[in-house]
Amino acid sequence: MEGSSLGLSVRDPSDAHVETTTLPPAKAKGKKRNLELNQDITKLDDEHLKNYVANMSKEHYEEAPKKLQIDTVCNLARGYHSFVLAGTGYGKSRIGELYFHMYAPQRKPVVLVLNPLDSLGEDQVREKTKANIKAISLGKMVLTEELAEEIKRGDYAFVYLSPEVFLNNSLFTDLYFSNKFQSQLVLIVIDEAHMIYVWGLVESGKAKFLSVRDRLQDYGIFRPSYGKLGDRLMATNNVPLLLLSATCRPVAVDAILASLMLKRVDMPFFHGELVRTEIRILRITMQNPLKSCEDLFRMFSKESKIKDKDLLPTLIYSGTRKATLSVINVLNKARGKKKDDYDSKSPLVRRYHACTGTRKKKLELL
């Protein structure tokens, strides 16, 4: 690692081995932030600061914090940006919560979280509510002047929104640059940070080089302006950034730092376990053309051997509606059913696509 970057090597998902345990000194700041940590916290040395974070975590959560979480929170407390690379389910979202808890609640600190999809923000709002933290997810049609005033007052500790709202909603732009909001903003979190790189590819016209999976999952929500996130993210009074990702290649890291106008020396990295030991990947050699979907036939037994209700829940991704119908045909054939059975209430297989409305998706899954 370069400069003051922290390297954490995690081999056990429940723990983290710290290769560089010395935290950087408190960052020298130009313009002072309005809302800062108590001096009793900032004056602590490395070891006492880590102990403070660990003990604070135990007050709010049942499980002990991971070392990676502690070190990242301490790094943020020193005033540094942080980039966390760790697998799904590692506990990355807990880092922002821990940092938030370092501030006295009566001071109304605000954490801003950017998510690539509104559904992710809605899920995290539910999680925060369970933890007795007031949060809100802003969709394009949600933000009103009344709600903007509530956010400005600090009524919501965590504010989740999409990059599109962050960049293109004039009401939020006024809110974001207001002195009142900036004075209470203590952290900006970019969830799924690798998307900054992908959005930059879209802006530069290089999106055609993305994989099929990336196009299916993300291309529909791209806007060319998303590659300009860096300018606005850095337009704060020294508010630290927390970037989170489970899939970020070196080329993406370099592009993200360039977008944020940062050097590696300015962005300490924390590496967690990217491998989920409870997840297994099986590769099955294909014997038929991909378009036919016939290889699925070998993966499902007849209904006489195992009932539909006893099958493991399975997700099958296909690129087109026509391919989805082919999948249903093969599955029905493998199970000994009518191959053209497209019953929307089938106990075996149901389908929906990216353009299906939220209400209909929920009905399909009932």
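FYI, it's all coordinate maths here, none of it is from the lab. None of these values were measured; they are calculated from a predicted model. Cβ atoms come from the backbone with ideal geometry, glycine included; neighbour counts cover every protein chain shown.
Roughly what would the spin-label model give for Ser183 and Lys291, points 7 Å off Cα along C-beta, in nm?
6.5 nm
Under a 5 Å amide H to amide H cut-off, with H placed in plane at 1.01 Å, what residues pair with Gly154 once short-range neighbours are removed?
The answer is none.
List every residue whose amide H lies under 5 Å from the amide H of Val189, counting only residues 5 or more places away in sequence or on a different chain, with H placed 1.01 Å from N in the peptide plane.
Correct list: Leu112, Val113, Leu114, Leu242.
Whole-Hz Karplus ³J(HN,Hα) for the range 312-329, in order, using 6.51 cos²θ - 1.76 cosθ + 1.60 and θ = phi - 60°, x for Gly and Pro?
So the Karplus estimates, Gly and Pro as x, are 5, x, 9, 10, 10, 9, 9, x, 9, 5, 4, 5, 5, 5, 5, 4, 4, 4 Hz.
Can you list residues whose amide H is under 5 Å from Ser137's amide H, if they're 5+ apart or on another chain and H is modeled 1.01 Å from N?
The answer is Tyr160.
With a Förster radius of 56 Å, plug the Cβ-Cβ distance of Tyr317 and Asp45 into 1/(1 + (r/R0)^6) and report the FRET value to the nearest 0.05. Can you show the working numbers first?
Values: r = 50 Å, r/R0 = 0.90.
E between Tyr317 and Asp45, to the nearest 0.05, is 0.65.
Report ³J(HN,Hα) in whole Hz for each residue of the range 331-338, in order, from the Karplus equation J = 6.51 cos²θ - 1.76 cosθ + 1.60 where θ = phi - 60°; Gly and Pro get x.
Calculated HN-Hα couplings, in order: 5, 5, 5, 5, 8, x, 9, 5 Hz.
Determine, from the Cβ-Cβ distance of Asp343 and Met299 and an R0 of 22 Å, the FRET efficiency 1/(1 + (r/R0)^6), rounded to the nearest 0.05. The partial results should precede the final answer.
On the way: r = 21 Å, r/R0 = 0.96.
The value I calculate is 0.55.
Among His271, His60, what is the fewest-to-most ranking by other Cβ atoms within 10 Å? Before the final figure, lay out the partial values.
Details: His271 18, His60 15.
Least crowded to most crowded, the residues run His60, His271.
Using the Karplus curve 6.51 cos²θ - 1.76 cosθ + 1.60 with θ = phi - 60°, work out ³J(HN,Hα) for each residue of the range 246-251 in order, rounded to whole Hz, and write x for Gly and Pro.
9, 9, 9, 6, x, 5
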